[in-house]
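Take a look at the structure below.
The values are calculated or read from the model by the stated rules, or taken from the named source; none is laboratory data. Owing to the predicted nature of the structure, the values given are computational and were not obtained by experimental measurement. A quick note on method: Cβ atoms are made from the backbone with ideal geometry, for glycine too, and the neighbour counts reach across all protein chains shown. Protein only, heavy atoms only, side chains kept; ligands, DNA and RNA dropped before computing areas. Shrake-Rupley method; radii C 1.70, N 1.55, O 1.52, S 1.80 Å.
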Amino acid sequence: MLLLQMSRDYHSISPSAKSLLLAKSLTNIPFVADAVKLMYGNDALEHLSNRNFDDVFLKRLIHFESRYLSLDSLLFASGSLNILEISSGYSFRGLDLVLRHPTIYYLDTDLPGVIDIKKDLVDRLIINEKLDLKGKLKTQALNALDEPVFLNAINQMPLGPVSIINEGLLMYLSTDEKISLCKTIHKSLKQRGGYWITADVYVKRPALKNETNDHFSQFLEAHHVEDNKFESFKQAEQFFLSQGFKLITKATSVWHQLSSLKYIDSELLKKMKEQANKTGRIRETWVLKAI
C-alpha cells in the first residue's frame, strides 16, 4: 500500500498515448479525467478545457470517442461475462464494468511498459475513490502476438464464452501480424465460444489537401498506419473470412451519445459533414465469430 501512496513518474508514457489520454479526458468516457488528475494534478483538466482547440484536434476527439462508444455498444449486446481486452492502453473500460456488474470477469492487457503504469493508476483510483468492485478485474502484461501466452491467459478465465475486444491495435500491425493474431483469436474462440469485437476496421482514404503535419500525424506516418489499413470494407470482410471469421454485425451510429459534440460549433459541424460525404466512412466496429 505504501507504494500506491507514492507519486509514480509517468514520463515513460509514449507521446501518442499521452495525447490520446489527455484528449479523451474532455469526454465522459469513464475514469479518464480522474486518471489525468492523478498524472498531471487537479488543475490539469481546467487548463485543458480552457484551451482553444483547432479543427483537427476536435475531429480526432469526435473520432476517438465514437470508437470507444461503438465498441461498448456491441460488447453490451454480446452478453459475455468473460472479457479479454488486448492492447487496452489507458482505457478504463474494465474498471467501469466490474464496478457495476458482479458477474463480469475482465482481463485487461497490454505490453509491460504500458500495463505497469495502467495497473498503478487503477489501484490508485480504487483507493482514492473508495471503489467497491463487484466483478473481477485482472490487469496483466500480454503481447497479443505471443500465442502461448495469449492462450494461457484465456485458459485462466472462468468457464464459458469469451468476448475478445480491441481498439487501436490492428492499424499498427502488418498483414502477417494480423494473420498471426487472427490465428490465435480463432483458436481461442473455437475452444471457448464467444466473439471478437474489433473497433479497428479502418479503410484507406485519399490524402486530404492541407492536412496538418503535426506530431500525431508524424507518429501515424512513422508507424505506417495508412499502409496497414484495409483497402475497403469489402476487402476487410474477405480478409477476416479467409482467416475463419464470419462478420455477425456492425455497430450503428453513436452520434447521439457523444459528449464531445459540445465543443463543436455549427460551422465545423457543417465542414465535418461535407468531408464525410466526400470521403465516406473510414472506420467501423465489427463483431466477428469463429467458423
> Taking the stretch 155-291, how much of its Cα-Cα pair set, in percent, is spaced more than 28 angstrom apart?
Replying inline: 28 percent
> Looking at the square roots a ≥ b ≥ c of the eigenvalues of the Cα gyration tensor of the stretch 27-66, which shape do they give, rounded for a/c under 1.5, prolate if a/b is larger than b/c, or oblate?
Replying inline: oblate
>> If I take R0 = 41 Å and measure r between the Cβ atoms of Lys246 and Lys134 in this structure, what FRET efficiency does the formula 1/(1 + (r/R0)^6) give, to the nearest 0.05?
In response: 0.80
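Per the 1.4 Å probe, what fraction of the accessible area of the chain, in percent, lies on carbon and sulfur atoms?
53 percent
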> Looking at the stretch 140-199, which chymotrypsin sites (Phe, Trp or Tyr not before Pro) are in a loop (DSSP not H, G, I, E or B) and have at most 16 other Cβ atoms within 10 Å?
Replying inline: none
> Can you give the net charge of the other residues whose Cβ lies under 12 Å from the Cβ of Asn228, counting K and R as +1 and D and E as -1?
Replying inline: -4
> Along the principal axes of its C-alpha atoms, what lengths does the chain span, in descending order and rounded to whole Å?
Replying inline: 52, 51, 34
> Between Lys271 and Ser253, how many nm apart are label points set 7 Å from Cα along the C-beta direction?
Replying inline: 2.1 nm
> Measuring from centroid to centroid over Cα atoms, what is the spacing of the stretch 38-77 and the stretch 241-274 in Å?
Replying inline: 14 Å
> Sorted by average packing, counted as other Cβ atoms within 10 angstrom per residue and highest first, what order do 103-116, 48-61 take?
Replying inline: 103-116, 48-61
>> To make sure I understand the rule: partners must be aspartates and glutamates, Cα under 15 Å from the Cα of Lys271, and not fewer than 8 residues away in the same chain. Which ones qualify?
In response: Asp54, Asp55, Glu211
> What ranking, highest mean first, results for peptides 138-148, 90-100, 71-81 when packing means the other Cβ atoms within 10 Å averaged over each residue?
Replying inline: 90-100, 71-81, 138-148
> Pairs Lys37/Lys138; Lys18/Lys134; Lys37/Lys119: which exceed 20 Å Cα-Cα?
Replying inline: Lys37/Lys138; Lys18/Lys134
>> Could you derive backbone 3J(HN,Hα) for the stretch 94-108 from the dihedral phi with the Karplus parameters 6.51, -1.76 and 1.60 (θ = phi - 60°), listing whole Hz in sequence and x where the residue is Gly or Pro?
In response: x, 4, 4, 5, 6, 6, 10, 10, x, 8, 7, 10, 10, 9, 9
> Once you sort the root eigenvalues of the Cα gyration tensor of the stretch 54-131 as a ≥ b ≥ c, which label holds: rounded (a/c under 1.5), prolate (a/b larger than b/c) or oblate (the other case)?
Replying inline: oblate
>> Below 22 Å, Cα to Cα, which lysines can Lys289 reach? Residues fewer than 8 away in the same chain don't count.
In response: Lys178, Lys183, Lys187, Lys190, Lys229, Lys234, Lys246, Lys250
> What net charge is computed for the residues neighbouring Asp55, neighbours being all others with C-beta under 11 Å from the C-beta of Asp55, Lys and Arg scored +1, Asp and Glu -1?
Replying inline: 0
> Looking only at Met39, Met272, Met157, which one moves most when the chain is put into a Gaussian network model with springs between Cα atoms under 10 Å?
Replying inline: Met272
> Where Lys and Arg each count +1 and Asp and Glu each count -1, what net charge lies around Asn277 among other residues with Cβ under 12 Å from its Cβ?
Replying inline: +4
